[in-house]
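The values are calculated or read from the model by the stated rules, or taken from the named source; none is laboratory data. Because the structure is a prediction, the values reported are computed rather than measured. When we count neighbours, we look across all protein chains shown, and the Cβ atoms used for this are built from the backbone with ideal geometry, even at glycine.
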Amino acid sequence: MSSHIRITPSILNADFSQLDSEIAKIASVSDYIHLDVMDDVFVPNFTFDFDAAAKIIKSSPIPIDSHLMVADVDQIAIDYAQAGSASVTIHAEATHDIRATLKGIRFHGARSALALKPGTEIDGYESYVDEVDMFLIMTVEPGFGGQKFMESMMDKVRRTRKLIGSRPIWLQVDGGISLETIEIAVEAGADTFVAGSAVFNAEDPAQMVIALRERALSSKL
Ligand code: DX5
Ligand code: ZN
């Protein structure tokens, strides 16, 4: 198991009309900001177009983890890397040439990440292990914040952790992460945690990020 824990709050459930101040609330205690990009095609919801996302990436005080839930993502992923994302996540289900796109993301200076929807198995994607800096195992159907954590995904998390072996690849989970569920994901082998509604519906978002990190670290002892 990796010795680091990263908390990457999602701003999906933050107040979009004042994103700068929402990000400022959690920036000093978070590792990355997780930016959920949805196109209303790959998922039945829309968040940002590229120009709006690029502004957020540019103005954020901490690095951005762009999670692209968009169809035909190959070229879009390169655009997000060039726009300055620290990490760019593509969905295996939305990519025509996974290997070329992962390589392209790295070539443009970002970490490359491959996401799998709940219905997509890790088998068949093992051969990309040397092209990825992070795997994202979705623990809800992508599209909306505030859904219930799918504990049934933990077997996939365990198998992905095994595949990673001693490589320095991060293993992220996204969807329904809270003080009640984070330990389950840590025990299965995740080390990088998206949390949206748990953080932004909390009275004190920064305090919640700290509490999530402490809970994750303590369950590794
Ligand atoms: C869902 C998004 C998630 C979402 C997480 O499609 O990818 O990042 O914002 O929100 P919570 O933590 O509320 O499940
Ligand atoms: Zn996400």
Name every residue in the stretch 144-156 that is within 15 Å of ligand 2 (Cβ to nearest atom) and either basic (Lys, Arg) or closer than 17 Å to LEU114 by Cα (or both), in order of residue number. MET153
Extreme residue, nearest to ligand 2 (Cβ to nearest atom), among residues of the stretch 57-67 that are hydrophobic (A, V, I, L, M, F, W, C) and closer than 10 Å to GLY84 by Cα: ILE64
Looking at the structure I just gave you, is ALA86 within 16 Å of ligand 2 (Cβ to nearest atom), free of Cβ contacts under 8 Å to residues at least 40 places away in the same chain and more than 26 Å from ALA202 (Cα to Cα)? no
If I filter the stretch 127-135 for residues that are closer than 19 Å to ARG6 by Cβ and either surrounded by fewer than 16 Cβ atoms within 10 Å (Cβ to Cβ) or more than 16 Å from ligand 1 (Cβ to nearest atom) (or both), do I get at least one hit? yes
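Can you pull out every residue in the stretch 82-91 that is touching a Phe, Trp or Tyr at 6+ places or on another chain (Cβ under 8 Å), surrounded by 23 or more Cβ atoms within 10 Å (Cβ to Cβ) and among the aliphatic types (A, V, I, L, M)?
Quick first cut of the stretch 82-91, residues touching a Phe, Trp or Tyr at 6+ places or on another chain (Cβ under 8 Å) only: 83, 86-88, 91.
Narrowing the set further to residues that are surrounded by 23 or more Cβ atoms within 10 Å (Cβ to Cβ) leaves 87-88, 91.
Within the stretch 82-91, just VAL88 meets the criteria.
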Hits in the stretch 93-119 (condition: in a helix (DSSP H, G or I) and buried (at least 18 other Cβ atoms within 10 Å of the Cβ)): ALA94, ILE98, THR101, LEU102, GLY104, ILE105
With (1) within 16 Å of ligand 1 (Cβ to nearest atom); (2) touching a residue at least 40 places away in the same chain (Cβ under 8 Å); (3) surrounded by 15 or more Cβ atoms within 10 Å (Cβ to Cβ) as the list, and ASP191 as the residue in question, which single condition is left unmet? (1)
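From the list ALA185, ALA115, ALA110, exactly one residue is small (Gly, Ala, Ser), in contact with a His (Cβ under 8 Å, 6 or more places away or on another chain) and modelled with pLDDT of 95 or more. Which is it? So that I can check it myself, show each step before the final result.
Details: ALA185 fails: in contact with a His (Cβ under 8 Å, 6 or more places away or on another chain); ALA110 fails: in contact with a His (Cβ under 8 Å, 6 or more places away or on another chain).
Within the list ALA185, ALA115, ALA110, the selection yields ALA115.
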